[in-house]
Amino acid sequence: MSQFISVFDMLKIGVGPSSSHTLGPWRAAEQWVKTLREHNFLEKLDAVKVDLYGSLSLTGKGHATDLAILLGLSEADPEYIPIEDVFIIVDRINTQEELYFKGGKTIPFYKDSIVFNRDFLPFHSNGVTFRGFCKGEEISTETYFSIGGGFIVQENDHLEEEIEINKKNFPYPINRAIQLEEYCEKENLLISDIVFKNELEINSADKIDAELSRIWDTMLECMYIGCHTEGTLPGGLNVKRRAFGTHQKLIKDATYKNPQEWIKAIRSTEVKFREILKWVSCFALSVNEVNASLGRVVTAPTNGSAGVIPAVLMYYLVIENHEADFKQIKQFLLTAGEIGSIFKKNATISAAMGGCQAEIGVSSAMAAGALTELLGGTPAQSLSAAEIAMEHHLGLTCDPIAGLVQVPCIERNSMGAIKAIHAAEIALETNPKESLVHLDKVIDTMWETAKDMNKNYKETSEGGLAVTVRMVDC
């Protein structure tokens, strides 16, 4: 049975700075409270203890894992919560030392209720255990694992919902890139066409369009906010926001009132090679500066790599095709989502499992393949572009300074976006039948590289830049 992963699983709306260390634990806490309600334990509950393990513990403070736990236990929804409410809820819990549940129930919750353990659990490096008590007796214990991109699982999960979805008769079941390529060739369809037909098995055409539009609107708003916000990022590294200054120089005296008018204004600016590079970089930086500030972004496929796909899609809209509209946006997102799902099925999108190649590398591959389709490439060329992009991210480590998703993470989104565009151009001039390396081979290689990589370079802040550059140096 082929595993089905929807484009909406790969492109999730959430709050930064990390999909695996913020959004995943947030969803895990929400799920645990839901479980308490289902078993009628919530009314008995009078104390909670949370244990973070492995990478969630080692870089949890920098990734706001503890804040995400508070928000999840408070039953806030990361997709829809007003960003200003994030800080209001966290401050209230920390000040009053109480958790508030829907319906009015409150229980004590102290700063030491969340414990950071350096131990790694065997199943996955991102583990979190929730324990609920009634009069000193433990009444509920659940352990969840955040496996990247906001996905959460339990070690003994039967994954009933996933099994039910995969019982459906999808017209084009896909596990490997070669299957996708063969379907496209046999049916004379683009990658986005194949993906759309599969998505129709679980959603209506109108629902698919509405959700893709919401995803793009979130990406666009994120870029807009990032390009119009100056200052310093939170966390203690005193990283200056750079998108604002770059944007000011590029946009000059253009006038606009909203993100849609902004796109038109950018289209009228100078488009020499250096300016194009700066625009792409500006778009990518803007997203990840918003992400680093606990803003709302789209995991693509993760929060740490959220800037690559919007930057490349924006490049297409403002540089390559001024007539482009939702049709092209839809194509891009469907294609990108499918390429990302193949990486997830056969390797990983978790930096805690595979280093930054699993985040920036995958996002660059997703963007490269999607851009190639929009530029008129064949499905085989799109997959070739994804292969080229990942090939030149193999072995990229995850070593965030102070555990913050800032240095080198933010700049890496800019580099990943530029590489994606370059990979697309190379692929468009390539006959895929003459290529020595297929996308499936590079995915397999990425996974073997991930398994061989020293654990210090897998989002632990115990290797690389995180060791050579300390907080006191900044």
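Counting other Cβ atoms within 10 Å of each Cβ, which trypsin sites (Lys or Arg not before Pro) in region 258-293 have at most 12 and sit in a DSSP loop? Before the final figure, lay out the partial values.
Numbers: sites: 264, 267, 272, 274, 278; in loops: 272.
Filter output for region 258-293: 272.
Would you mind checking 105/207; 12/272; 345/451 for any pair whose Cα atoms are more than 27 angstrom apart?
Check vs 27 Å cut-off fails for 105/207; 12/272.
How charged is the neighbourhood of residue 135? Take every other residue with its Cβ under 11 Å from the Cβ of residue 135, and add Lys/Arg as +1 and Asp/Glu as -1.
With Lys, Arg at +1 and Asp, Glu at -1, the net is -2.
Can you work out the Karplus-derived ³J(HN,Hα) for every residue in region 106-117? Use 6.51 cos²θ - 1.76 cosθ + 1.60 with θ = phi - 60°, whole Hz, and x for glycine or proline.
Whole-Hz 3J(HN,Hα) from phi for region 106-117: 10, 9, x, 8, 9, 4, 8, 6, 9, 10, 9, 9.
How much of the calculated P(r) for region 402-447 lies past 12 Å, in percent of all Cα pairs?
When every Cα pair of region 402-447 is considered, 73 percent fall beyond 12 Å.
Can you list which of the GluC sites (Glu not before Pro) found in region 221-310 are DSSP loop residues with at most 14 other C-beta atoms within 10 Å?
On the way: sites: 221, 230, 261, 270, 275, 289; in loops: 230, 270.
For GluC sites (Glu not before Pro) across region 221-310 that sit outside H, G, I, E and B with at most 14 neighbouring Cβ atoms in 10 Å, the list reads 230, 270.
Size of the dipole of region 168-473 about the Cα centre, Lys and Arg at +1 and Asp and Glu at -1 on the beta carbon, nothing else charged, in debye to 20? Display every interim value, and only then the final one.
Values: 30 positive and 38 negative charges, 162 e Å.
That gives region 168-473 a dipole magnitude of about 780 debye.
Could you please report the charge total around residue 370, scoring K, R as +1 and D, E as -1 over all other residues with beta-carbon less than 13 angstrom from its beta-carbon?
Values: positive: 330; negative: 320, 338, 373.
Net of charged neighbours comes to -2.
So what is the diffusion coefficient of region 19-154 in µm² per second by Stokes-Einstein at 37 °C and 0.692 mPa s, using a Kirkwood Rh over Cα pairs?
After rounding, the answer is 223 µm²/s.
Just to be sure I understand the model, the point goes 7 Å from the Cα along the line to the Cβ. What's the resulting residue 178 to residue 38 distance in nm?
For residue 178 paired with residue 38, the spin-label model returns 3.9 nm.
So which trypsin sites (Lys or Arg not before Pro) in region 365-474 are both in a DSSP loop and have at most 16 other Cβ atoms within 10 Å of their Cβ?
Numbers: sites: 412, 419, 433, 441, 451, 455, 458, 470; in loops: 470.
Those satisfying the criteria are 470.
What are the ³J(HN,Hα) values, in whole Hz, obtained from phi via the Karplus relation 6.51 cos²θ - 1.76 cosθ + 1.60 with θ = phi - 60°, for each residue of region 176-184 in sequence order, with x given for Gly and Pro?
Taking θ as phi minus 60°, the curve returns 10, 5, 5, 5, 4, 4, 5, 4, 4 Hz for region 176-184.
Calculate, axis by axis, the spread of Cα positions in the chain along the three principal axes, and write the results as whole Å, longest axis first.
68, 54, 44
Go through region 57-66 residue by residue and turn each phi into a ³J(HN,Hα) via Karplus (6.51, -1.76, 1.60, θ = phi - 60°); whole Hz please, and just put x for glycine and proline.
Using θ = phi - 60°, the values come out as 7, 5, 10, x, 4, x, 8, 6, 5, 5 Hz.
Can you spot the aspartates and glutamates whose alpha carbon is less than 12 Å from residue 249's alpha carbon? Ignore those fewer than 8 places along the same chain.
270, 275
According to a simple spin-label model (label point 7 Å from Cα along Cα-to-Cβ), what is the distance in nm between residue 117 and residue 238?
3.8
Against the longest alpha carbon principal axis of the chain, how many degrees, from 0 to 90 and to the nearest 10, is the axis of helix 439-452 turned?
Between the helix axis and the principal axis of the chain, the angle is about 40 degrees.
Averaging sequence separations of C-alpha pairs under 8 Å and six or more residues apart, then dividing by the length of the chain, give the relative contact order as a whole percent.
Worked out over the chain, it gives 19 percent.
When ranked by the protection proxy of mean other Cβ atoms within 10 Å per residue, highest first, what sequence do the peptides 293-303, 320-330 form?
293-303, 320-330
Per-residue counts of other Cβ atoms within 10 Å, averaged by peptide: what ranking do you get for 173-183, 88-98, 54-64, highest first?
By packing density, highest mean first, the sequence is 54-64, 173-183, 88-98.
Quickly rank 210-220, 8-18 as a protection proxy: mean count of other C-beta atoms within 10 Å, highest first.
With the highest mean Cβ count within 10 Å placed first, the list reads 8-18, 210-220.
Of all DSSP beta bridges in the chain, what percent run antiparallel (nearest 5)?
85
Every read-out reported here was derived from the displayed coordinates using simple, explicitly stated rules and does not represent laboratory data. Here the structure is a predicted model, which is why all the values come from computation and not from measurement. Cβ coordinates were reconstructed from backbone atoms using ideal geometry, including for glycine residues, and neighbour counts include every protein chain displayed.
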